[in-house]
1. Considering each of LYS48, LYS74, LYS79, LYS60 in turn, give the residue that is closer than 25 Å to SER270 by Cβ, open to solvent by 40 Å² or more (accessible area, probe 1.4 Å) and either out of contact with any Leu (no Cβ under 6 Å at 6 or more places or on another chain) or of a type in the set (A, V, I, L, M) (or both).
2. Kindly list, by first and then second residue, each pair from a residue in region 203-214 that is over 20 Å from THR298 (Cα atoms) to a residue that is acidic (Asp, Glu) and modelled with pLDDT of 95 or more, limited to pairs with Cβ atoms under 9 Å and residues at least 6 apart or on different chains.
3. Only one residue in TYR229, TYR219 is in a strand (DSSP E or B), open to solvent by less than 40 Å² (accessible area, probe 1.4 Å), under 23 Å from GLN273 (Cα atoms) and not aliphatic (A, V, I, L, M). Which one?
4. Can you list the strands (runs of 3 or more DSSP E) found entirely within region 266-306 that contain at least 2 residues being in contact (Cβ under 8 Å) with a residue 40 or more places away in the chain, open to solvent by less than 20 Å² (accessible area, probe 1.4 Å) and within 11 Å of ALA319 (Cα to Cα)?
5. Residues of region 169-186 being in a loop (DSSP other than H, G, I, E, B) and of a type in the set (Ser, Thr, Tyr), which ones?
6. Tell me whether region 233-245 contains one or more residues that are among the hydrophobic types (A, V, I, L, M, F, W, C), crowded, with 16+ Cβ neighbours inside 10 Å and more than 20 Å from LYS202 (Cβ to Cβ).
7. Taking the criterion of being over 24 Å from THR38 (Cβ atoms) and in a loop (DSSP other than H, G, I, E, B), would at least one residue in region 73-82 satisfy it?
Amino acid sequence: MKLYKYLAVLAVTISACKKNNLPPISPDVVTENTLHDTDDPAIWVNKKNPSESIVLGTDKDTDGAIYAFDLQGKVIENKTIRGLKRPNNVDVRYDFKLNDSTTVDIIAFTERERQQIRLFSVPDMKPLDGGGFPVFTDAKEPEQNLPMGISLYHSAVNGNMYAIVGRKTGPLEGYLYQYLLKADKNGVKTELVRKFGKFSGKKEIEAIVVDDKEGVVYYSDEGFGIRKYHAEPKNGNEELAAFGGEYFLDDIEGLCLVNGVSGKDYIIASNQQKHSFVFFDKNTLEFVKELNLSTKETDGCEAVTTPLNDTFKSGLFVAMNDEQNFFFFDLGKLL
């Protein structure tokens, strides 16, 4: 066989291996496109009027943005944050205490090219960070100061709010940094409270998700598996579990949690190169199922169980799609 024919056959074979044979599930809503490269979503639930909830999504570029979408997938321009330097991942939490009488809902996201994390109130999208909080300032090696993944943690123990941050690359121990978010009369500041988390050294760590109620953090060591740790700093840095790697073709990417639906709790992870999503039982960490949600090369995903409107009666699942958009699904279709 001539070389060019061999290479053509090899390319087709590799492509076929990366596809899944699962029946596709179509999204209920496809968002309007971003300008560049979507990556990670977060969902802010409007507790007073759930139908006015907002999906936030990163557009990962030097001229990047945090896009705000309504539940019909339309861009909400006056709530979209532009002029960012490669925002990567985004997360939401509620009731961050600014002072004795004021709490706000917040989004936090990484801004990789400025080596910092950002903090904004939501839904008014006002900055709370004075322009940004530097992270990984003690890094000595190339790319170890470039933040990528982020998850907020609202402690049920003492009410503290933390940001747990991953980066482009890092050491085999202490890959993740955890920062306390502290508010006083002068504004919000950060304090590094610990370094933790194993790294296989194979690819990178980006996707991070925290179960606030249980005080547990999960993250994707992309070439290895999903790792589990305590999120509460005082509970130590011992790894609680490592699981799931055998169910993925290549990169283990986006992570999200679904708690308390029909008495079941799930960890959902994106099987990026196979264009599918893998469901694990959160309590046993055992494989449950794999679904094809019609997305390509998914980086990030998120879910909420709150009924939002007539389309998302069972809650909302959002997945990044590698065509500059996000797919929205009624959560009940997936469970």
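1. Working: LYS48 fails: closer than 25 Å to SER270 by Cβ; LYS79 fails: closer than 25 Å to SER270 by Cβ; LYS60 fails: open to solvent by 40 Å² or more (accessible area, probe 1.4 Å).
So the residue among LYS48, LYS74, LYS79, LYS60 that is closer than 25 Å to SER270 by Cβ, open to solvent by 40 Å² or more (accessible area, probe 1.4 Å) and either out of contact with any Leu (no Cβ under 6 Å at 6 or more places or on another chain) or of a type in the set (A, V, I, L, M) (or both) is LYS74.
2. From residues that are over 20 Å from THR298 (Cα atoms), the pairs are ASP211/ASP265.
3. Criteria check complete, one pass: TYR219.
4. Where strands (runs of 3 or more DSSP E) fall fully within region 266-306 and carry at least 2 residues being in contact (Cβ under 8 Å) with a residue 40 or more places away in the chain, open to solvent by less than 20 Å² (accessible area, probe 1.4 Å) and within 11 Å of ALA319 (Cα to Cα), they are 276-281, 301-304.
5. Of everything in region 169-186, just one residue is in a loop (DSSP other than H, G, I, E, B) and of a type in the set (Ser, Thr, Tyr), namely THR169.
6. There is no residue in region 233-245 that is among the hydrophobic types (A, V, I, L, M, F, W, C), crowded, with 16+ Cβ neighbours inside 10 Å and more than 20 Å from LYS202 (Cβ to Cβ).
7. From region 73-82, those over 24 Å from THR38 (Cβ atoms) are none; that's our starting set.
Scanning region 73-82, I find no residue that is over 24 Å from THR38 (Cβ atoms) and in a loop (DSSP other than H, G, I, E, B), so the answer is no.
Conditions tested, residue by residue: (1) modelled with pLDDT under 95; (2) of a type in the set (Val, Ile, Thr); (3) farther than 20 Å from MET320 by Cβ.
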| residue | (1), (2), (3) |
| --- | --- |
| ASP212 | no, no, yes |
| GLU232 | no, no, yes |
| ASP250 | yes, no, no |
| GLY254 | yes, no, no |
| GLN273 | yes, no, no |
| GLU290 | no, no, no |
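The values are calculated or read from the model by the stated rules, or taken from the named source; none is laboratory data. Keep in mind the model is a prediction, meaning the values are calculated, not measured. Note that we place each Cβ from the backbone using ideal geometry, even for glycine, and neighbour counts take in every protein chain shown. Remember, those area values only see protein heavy atoms, side chains included, never the ligands or the DNA or RNA. Shrake-Rupley method; radii C 1.70, N 1.55, O 1.52, S 1.80 Å.
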